[in-house]
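A short worksheet on the structure shown next.
Rule-based calculations on the coordinates, nothing more; no lab input. Given the structure is predicted, the values throughout are model-derived calculations rather than measurements. In this analysis, Cβ positions are derived from the backbone assuming ideal geometry, glycine residues included, and neighbour counts consider all displayed protein chains.
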Amino acid sequence: MTNKTAKMALVIGATGGVGGAVADRLLAEGWRVRALHRDPERARRTADRAGLEWVSPLEWVRGDAMVEAEVVAAALGCDLVMHGANPPAYRNWAGQQLPMLNAAIAAARAADARLIFPGTVYNYGPDAFPTLTEASPQTPVTRKGAIRVQMEAALKAASQDGLRVLIVRCGDFFGPKSGGSSWLSQGLVKPGKPLSAVTYPGALNVPHCWAYLPDVAETMIRLALDDANLDRFEVFHMRGQTLTGEELVAALTRVAGRKLSVNRLPWFAVRAIAPLNETFREMLEMRYLWEQPVLMDNARLAARLGAEPHTPLDEALRAALIGLGALPQTLPMAA
């Protein structure tokens, strides 16, 4: 039975990686969670086929994240609005990202709700590397990075007009419900096939930032639940899992329980196909993030929470690979 007295959150993008993890965490905290979707019945059927048990308690509402009036209506009575919508496969960022965010801003403002937004490292160029703090200069070198900077500027402007905003910034997402929208599934391993090889996008000795989605969701919700002690505009960085390619391959080998072949991502082929394929073109833009260390300073977050939520690496990778169909659930991890 639904608890009508529980606090309510609207999750935009509940079928995606970040939105799904946040919805899961909110349900575990006893919240009611509305999920916006253009076709709620299709979303339910897809979730049932995928075995996503967390979806059934969601209170689905029909709406388009691009239509402000529909998002505003869905947020009525909500205490939190989670903006987790993202164009799939990097398609049409310029045309969709800002309109969707503006609709979420209007909805959170109308409901007097805190708006949660997942930040990325796309905002930063090499001038800010290797260690990124909340105060690092944002001088992006890609189109997606420039759009992310515009989005955060819109959030900051809205906060100056009374909106309460929480941004949690992380490295590359991975998790049991990330689907095909992560570098782990798009570049490193092949979803739906037993893990036997890893295709790595950069030099194996360069550290790279990863963020396990359940840890990201727990961080967001723990911060949001302390709303009274948050300023109107808050930004926190998560350190996540900082790994060289060698360390990541070693962990994947332990989890798979077998020796894995390691290949380099053929960037020459990506470059050749990029003019004809939007996903490959956008992946090519992000190559610079794999060529040098990118580290997140979480000192501010650790000071606020005491410690950053952190799932052990092998446990996190195992859950992610099972979610991708690249590892059977019954396979024991190597010692």
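Structure notes:
- Relative contact order computed over the chain (Cα-Cα under 8 Å; 6+ residues apart), in percent: 18 percent
- Degrees separating the helix 245-256 axis from the principal Cα axis of the chain, which is the longest one: 90 degrees
- Structure-based [θ]222 nm, the chain - -39500 (n - 2.57) summed over DSSP H runs of at least 4, per residue, nearest 500: -11500 deg cm²/dmol
- Take the Cα of Gln96, step 7 Å toward its Cβ, do the same at Ala110, and the gap between the two points is 2.2 nm.
- Acute angle (nearest 10 degrees) that the helix 93-111 long axis makes with the longest principal axis of the chain, alpha-carbon atoms: 40 degrees
- Exposure proxy order (Cβ contacts within 10 Å, fewest to most) of Glu41, Glu278: Glu41, Glu278
- Ranked by the mean number of other Cβ atoms within 10 Å of their residues, highest first, the peptides 258-270, 207-219, 146-158, 100-112 fall in the order 207-219, 100-112, 146-158, 258-270.
- Shape category assigned to segment 93-194 from the gyration tensor of Cα positions, a/c cut at 1.5: oblate
- Footprinting exposure proxy ranking of Thr120, Thr139, fewest other C-beta atoms within 10 angstrom first, gives Thr139, Thr120.
- Between helix 213-224 and the chain there is an angle of about 30 degrees, using the helix long axis and the longest principal axis of the Cα atoms.
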